[in-house]
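Enquirer: I'd like to ask you about the structure that follows.
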Amino acid sequence: MTAPVEAIRFDHIDYSADGVHILKSITGAIPEGKITTLVGPSGAGKTTLFKLCNGLQSPDSGEIIIKEKRIENYEPIELRRNVGIALQKATMISGTVQKNLELPSKLQGKELKEGRANDLLKMVGLSEVSLQKKIKDLSGGQRQKLSIARTLVNRPDILLLDEITSSLDSVSRQDIEKLIEKINDQYGTTILWITHNLQQALSIGHYTWVMMDGELVETGESNFLRNPQNDRVKQFVRGEVE
Ligand SMILES: Nc1ncnc2c1ncn2[C@@H]1O[C@H](COP(=O)(O)OP(=O)(O)OP(=O)(O)O)[C@@H](O)[C@H]1O
Ligand SMILES: [Mg+2]
């Protein structure tokens, strides 16, 4: 069997902020075209790892390689085109759906054609929502779908999702799960998804990473969550995964 192509490689990443050692020698690869879920207790360093993939912060030591190129060799716009990020609280500017959807193009001095804007809404299951609808009139689930649509404007090869379903009811949550699986399937987009929901990590993930206290403690095909090898991971999943 040939080794899967790596979308992101972390090589001995150490990162501290304000004297706190947050990430400790994180080493591993996120396979291209797959869904990898990232779980771990609060404060484990999951969001911090995303911030480093965004290029907003740099590790103290170690390398992040995105699609076989070191992260520091990307132009900011090029990095944003390759790596899309969606967060738990979808930040929107006030005004219309259209205004928000146009934002990534505007930032690059480009236009977003109305036809493409409507295609994106359709892709995320918002075809019933008009481009002129006001953001304040959207439900939480609709906002999250719009946030994902906005991330898709740049056709990123890699999508980083940070707790995007934690504040949603179970119907909206399942909607978003199906949407992410569709994006992965149709576009071959690599997904790295932080979730505190272990059931979700298991059912959605092809692969899972468990981080604890700044360390990557166990990885593999998501099924390992049913029977982890590491004692700390065993404790972490006990009672939460059937
Ligand atoms: N600028 C900072 N200065 C000091 N400590 C920080 C800073 N940013 C984050 N931390 C600490 O780093 C640790 C990791 O935070 P991070 O937000 O990455 O965790 P997380 O795994 O995403 O947690 P959660 O599940 O609660 O979102 C926490 O202990 C946090 O308090
Ligand atoms: Mg977090």
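Enquirer: If I ask for residues that are part of a strand (DSSP E or B), touching a Gly at 6+ places or on another chain (Cβ under 7 Å) and either open to solvent by 10 Å² or more (accessible area, probe 1.4 Å) or on the phi > 0 side of the Ramachandran plot (or both), which ones from the range 210-222 would you list?
Expert: Selection gives MET212, LEU216, THR219.
Enquirer: Still on this structure, please answer the following. For ILE65, all conditions in the list (1) assigned to a helix (DSSP H, G or I); (2) modelled with pLDDT of 95 or more; (3) of a type outside the set (S, T, N, Q) hold save one; what is the number of the exception?
Expert: Single failed check for ILE65: (1).
Enquirer: Quick one: which helices (runs of 4 or more DSSP H) sit completely within the range 73-153 and have at least 2 residues that are open to solvent by 90 Å² or more (accessible area, probe 1.4 Å), closer than 20 Å to LEU168 by Cβ and in contact (Cβ under 8 Å) with a residue 24 or more places away in the chain?
Expert: none
Enquirer: Would you point out the residue of the range 230-242, among those that are out of contact with any strand residue (DSSP E or B) (no Cβ under 6 Å at 6 or more places or on another chain) and assigned to a helix (DSSP H, G or I), that is least open to solvent (accessible area, probe 1.4 Å)?
Expert: VAL237
Enquirer: Could we say that GLU32 is more than 16 Å from ligand 1 (Cβ to nearest atom) and within 26 Å of GLN186 (Cβ to Cβ) here?
Expert: Criteria met by GLU32.
Enquirer: I'd like the full set of residues that are away from ligand 2 (no atom under 16 Å from the Cβ) and modelled with pLDDT of 95 or more, limited to the range 157-173.
Expert: The answer is ASP157, ILE158, LEU159.
Enquirer: So is ASN227 more than 16 Å from ligand 1 (Cβ to nearest atom), open to solvent by 10 Å² or more (accessible area, probe 1.4 Å) and more than 16 Å from the chain's Cα centre (by Cα) or not?
Expert: Spelling it out, ASN227 is indeed more than 16 Å from ligand 1 (Cβ to nearest atom), open to solvent by 10 Å² or more (accessible area, probe 1.4 Å) and more than 16 Å from the chain's Cα centre (by Cα).
Enquirer: Then there's this: Spot the failing condition for SER167; the list is (1) more than 16 Å from ligand 1 (Cβ to nearest atom); (2) closer than 30 Å to LYS99 by Cβ; (3) open to solvent by 70 Å² or more (accessible area, probe 1.4 Å), and only one is missed.
Expert: Only one criterion is unmet by SER167, namely (1).
Enquirer: Which of the residues belonging to the range 1-53 are in contact (Cβ under 8 Å) with a residue 60 or more places away in the chain, under 17 Å from LEU87 (Cα atoms) and under 13 Å from the mean Cα position of the chain (by Cα)?
Expert: Selection gives ILE35, THR36, THR37, LEU38, VAL39, LYS46, THR47, LEU49, PHE50, CYS53.
The values are calculated or read from the model by the stated rules, or taken from the named source; none is laboratory data. Bear in mind the structure is a predicted one, so any value in this text is a computation, not a measurement. So basically every Cβ, Gly included, is an ideal-geometry build from the backbone, and we count neighbours across all protein chains shown. What goes into the accessible areas is simple: the full protein's heavy atoms, side chains included, and nothing from ligands, DNA or RNA. Shrake-Rupley method; radii C 1.70, N 1.55, O 1.52, S 1.80 Å.
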